[in-house]
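What follows is a single structure, written as structure tokens, with notes after it.
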Amino acid sequence: MSKASLKTEKRGPFSVRPRKRDGVITGVWVVDVPPHISTSGKRERKAYENKTAALSAADAMLRELQMTGVIRGEGGHKLSGVTFAQFAERWLIKQADRVALEQKRASSLETNAYHLKALGKMFADSDIARIVSSDIENYQKKRKLEDRCKPPTINSEVATLIQVLSWAQELGVISRVPKYESIPVPPSRPDIPTPEEVEKIVGHLETRTGLLATFLAETGCRKNEAFSLEWSDVDFDAAIIIVQRKAGFTPKSEHSERSIPVSSTLIDRLKEAKADDERVANERDVRAPSYVFPGRFGGKRTDIRKALATAVKKAGVKRGDRPIRLTPHIFRKAMATWLHAWNVSDRMLQARLGHAPGSRVTNRTYVHVSTEEQRAIVFDLSRLSPKGSKPDGAD
């Protein structure tokens, strides 16, 4: 075969060349697919029996690429010269500055970083100006069908992608932000425990973890608010818990900064816990932890879900034939549900939970009406008299 016939040929972005092994031409031909075009985001080499078959395949790929470009509306899109990975790195630096200025929570930045790591597997080498709606749809499909990710996770990752692209549009790097449709999330049906069930569960927790569970159930604090709570945030004389911004902790919103009155019983238990910390610290000649609910080595606690799951099983608290699912956030919803059942106003609930006045999230997300409570208004048409009796429990 002549040297001319072995020469690499181009078909648009695709290269057709003979395969060599140890410097010897094998007779097989390959089509090089560059990473910004391949579905995997990595360079691909597809093998064919001969040059004719390889060229035919490259021509077909080029036609498909051109057709895809028309469908995607890329005809008038100019390349920015900046890859998604490069721009995302600059975006993270910008967000770190916002955290330093307390305009954004550090935990939100950590979450963004995790999202960008996942997004980078598909978009890292893509020119940021060429990311369009169909790319987002393909990402959603891959994460759901191949990676088996849950819809809320995928929606959060795509939301971070849109934040990055929106900043690119603001800076004039891209002309528009692609539209997309979120994956529907089935409504959750959380297991809301009763106050009596919480007491049973707390009885099977270690002393300080049990105190933390009681604190969450009685205050409705968010998990990170409780884990970040320091003794300086507890006003023992006024029996008030103060949720406020400080080094290493930024409340979720301006309404999250609040003072929460608590019971004298809870305050007394917190006093005992503080005294125990100081006594142990004196015995060991170390500094007492500053956190109210410290982790194993005195630092910030990260989670208690495993301890809760074990306590639930030991307490035998079930829904049907299975143990209830209990998380720190469920305590927050449980408290809102209990207070709502006791006719506490929405405005009071919003203030205690740290929601904005008039927020619909309080009732829509946090208050749950149990099946047993609905039995009070069971409607039996056969019992209605001509005068118009009302359902049981109706005023």
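The values are calculated or read from the model by the stated rules, or taken from the named source; none is laboratory data. As the structure is a computational prediction, the values presented were derived from the model and not from experiment. Because the Cβ atoms are built from the backbone with ideal geometry, glycine has one as well, and the counts that use them run over all protein chains shown. What goes into the accessible areas is simple: the full protein's heavy atoms, side chains included, and nothing from ligands, DNA or RNA. Shrake-Rupley method; radii C 1.70, N 1.55, O 1.52, S 1.80 Å.
Per this entry, Glu89 is not counted among residues that are touching a Phe, Trp or Tyr at 6+ places or on another chain (Cβ under 8 Å), open to solvent by 70 Å² or more (accessible area, probe 1.4 Å) and over 22 Å from Ser253 (Cβ atoms). Do we have Lys314 as open to solvent by 70 Å² or more (accessible area, probe 1.4 Å) and at pLDDT 95 or above here? Yes, satisfied. Look through the stretch 5-55, keep the residues that are open to solvent by less than 70 Å² (accessible area, probe 1.4 Å) and part of a helix (DSSP H, G or I), and return whichever of them is farthest from Phe123 (Cα to Cα). Applying the filter and picking the extreme gives Ser5.
Could you check the stretch 179-233 and list, in sequence order, the residues that are more than 21 Å from Thr371 (Cβ to Cβ), among the small types (Gly, Ala, Ser) and open to solvent by 20 Å² or more (accessible area, probe 1.4 Å)? Matches in the stretch 179-233: Ser182, Gly203, Ser232. With respect to the conditions (1) under 30 Å from the mean Cα position of the chain (by Cα); (2) open to solvent by less than 50 Å² (accessible area, probe 1.4 Å); (3) modelled with pLDDT under 95, Ala281 falls short on a single one, namely (1).
Looking across Ile267, Ile242, one residue alone is within 24 Å of Ala351 (Cα to Cα), open to solvent by less than 80 Å² (accessible area, probe 1.4 Å) and not in a helix (DSSP H, G or I). It is Ile242. In the stretch 165-177, the residue that is most open to solvent (accessible area, probe 1.4 Å) out of those that are in a loop (DSSP other than H, G, I, E, B) and hydrophobic (A, V, I, L, M, F, W, C) is Leu171. Going by the structure shown, is Ala275 open to solvent by 30 Å² or more (accessible area, probe 1.4 Å) and assigned to a helix (DSSP H, G or I)? Answer is yes for this residue.
Is it the case that the stretch 178-186 has a residue that's hydroxyl-bearing (Ser, Thr, Tyr), without any contact (Cβ under 8 Å) to a residue 40 or more places away in the chain and part of a loop (DSSP other than H, G, I, E, B)? Scanning the stretch 178-186 turns up at least one residue that is hydroxyl-bearing (Ser, Thr, Tyr), without any contact (Cβ under 8 Å) to a residue 40 or more places away in the chain and part of a loop (DSSP other than H, G, I, E, B).
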